[in-house]
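Here's a structure for you.
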Amino acid sequence: MTRFWIDGVENGPIPSDNRSLMYGEGVFETLRVIDHQLPLLRYHWQRVTEAAEQLGLCVSLDVAENFIRSLDLTGIQWLRLQWSPRSTGRGYGAQDRAAPCHLLIWAGSELTSDASGVKLRRLTTQLPRRSFSHGLKMVSAPEYSQAARELAALVPTHSVSDGLLLTSKGDVIETTRSNIIFIGLEGIVTPCLREYGVGGVMRRALLEQAKLKGWKVVVRPIHYRELDSFTSVYVSNALMGCRPVDQIDSHYYSPSNTFNFEALSRELGFNDD
C-alpha cells in the first residue's frame, strides 16, 4: 500500500500549473526506512541541498524532516520526497524562485530484492551527457524510462536483474537502478559521474567509509572492454544497500574477500534482507 501527501495534506490535489507536470522540473529522493529509522538521511539532505543550489530551488529541509517525524512509520519501508517548484505563469522562466517548492511525499510498504544474485545485461539505451544536471535525481529523466522499458522486454526471455547503462563511447556508468563499483588490481574502481549518471547517496556513503578504512578508491572512466579485468562487482542504491553482482553478460564475478562492501552496508544500517 502506498500513501501520498502534498504539502502535508494526504491525497491532496496537485495544482494544474505544477512545474513538475508542465516542464518536468524538480528533484526527488527515495529513502529507505529500516526499523523506523532513515539510515542515510544525512547523505540525502546533502544531495538535496546541492540540487537546490544548482537549480535555484527554494527547498526547506526542516519542513520535510518535521513532517517525516510526524508520520507513523510502522510497516513503512520507503519514502519518496519530491520538491516541485511553484508556477507563476506560462513559460520556462515564469517562476518565482523565492517561493517554497511544493513538497510531495509517498510512503510505501513493499520492497523487493534480488535474493538469488544480481545478473546484469548491457542495454542499448545510452546515457546522454549532462553538463548541467549531472549527478542529480531529476524528475524528468526520459533515458531511464526508455532503459526500464528495454529491460522489461528482456526479463521474460533472459535471467536478468537489471540493465547496464553505457555512454556512446562505451564507458560504463551505472545500472537502471543502481551505481556500480568494481574491484581489481587498482583496488576499488568506480565510474566517474562528472558528466553522466546519478551520484547515489549509498555510493557516496560507501566510498566515504572505504576511504576511512584506508582502502584505495579510484574514480575514473571505465570502458565496457575492461569488464574481464575485474574480479568482483557490487551495485548499490539507497533502498537495497549494497549487493554483489554474479554476472554481467558473459563475465562472472565473486564477492571480494579484501573489500567487504556488504559489511560496510551493514555498518551504515542496512541488513542482509
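We did not get these values from a lab; they are worked out from the coordinates using the rules stated. Just so it is clear, the structure is predicted and the values come from calculations on it, not from any experiment. Positions of Cβ are backbone-derived with ideal geometry, glycine not excepted, and every protein chain shown enters the neighbour counts.
Could you check the spin-label model distance between Arg220 and Gln54? Points 7 Å from the Cα along Cα→Cβ, value in nm.
Spacing of the two 7 Å Cα→Cβ label points: 2.4 nm.
For the chain, what does the relative contact order come out to in percent, with C-alpha contacts under 8 Å and a separation of six or more?
Once normalised by length, the contact order is 18 percent.
Quick one: check the C-alpha center-to-center distance for region 1-38 versus region 205-264, whole angstrom.
32
Show me, for region 171-185, the HN-Hα J-couplings you get by feeding each phi into the Karplus relation (A = 6.51, B = -1.76, C = 1.60, θ = phi - 60°), rounded to Hz, glycine and proline as x.
Couplings: 7, 6, 10, 5, 9, 5, 10, 9, 7, 10, 10, 10, 10, x, 5 Hz.
At 0.36 nm per residue, and after removing the present C-alpha to C-alpha distance, how many nm does the segment from Asn11 to Lys211 gain when stretched out fully?
Contour length minus Cα-Cα distance gives 67.7 nm.
Which percentage, to the nearest 5, of the DSSP beta bridges contained in the chain is antiparallel?
If I count the DSSP bridges inside the chain, around 75 percent turn out antiparallel.
Compute the Kirkwood hydrodynamic radius of region 185-252, taking the inverse of the mean of 1/r over all pairs of distinct Cα atoms, and give it in Å to one decimal.
One over the average 1/r among Cα pairs gives 13.1 Å for region 185-252.
Can you work out the Karplus-derived ³J(HN,Hα) for every residue in region 148-160? Use 6.51 cos²θ - 1.76 cosθ + 1.60 with θ = phi - 60°, whole Hz, and x for glycine or proline.
Couplings: 5, 5, 5, 5, 4, 6, 7, 3, x, 10, 9, 7, 9 Hz.
Which aspartates and glutamates, on any chain, are close to Lys137 with Cα under 17 Å apart, when same-chain ones fewer than 8 places away are left out?
Counting by Cα, and skipping residues close in sequence, Lys137 has these aspartates and glutamates nearby: Glu25, Glu29, Glu50, Glu53, Glu174, Glu195.
Something else about it: Please report Rg (one decimal) and Dmax (integer) in Å for the Cα set of the chain.
Here Rg and the maximum Cα pair distance are 19.1, 57 Å.
Would you mind calculating the gained length between Arg149 and Thr258 on full extension (0.36 nm times residue separation, minus the Cα-Cα distance), in nm to one decimal?
35.6 nm is the gain from fully extending Arg149 to Thr258.
If you fit an axis through the alpha-carbon atoms of helix 201-212 and take the longest principal axis of the Cα set of the chain, what angle between them do you get, 0 to 90°, nearest 10?
50
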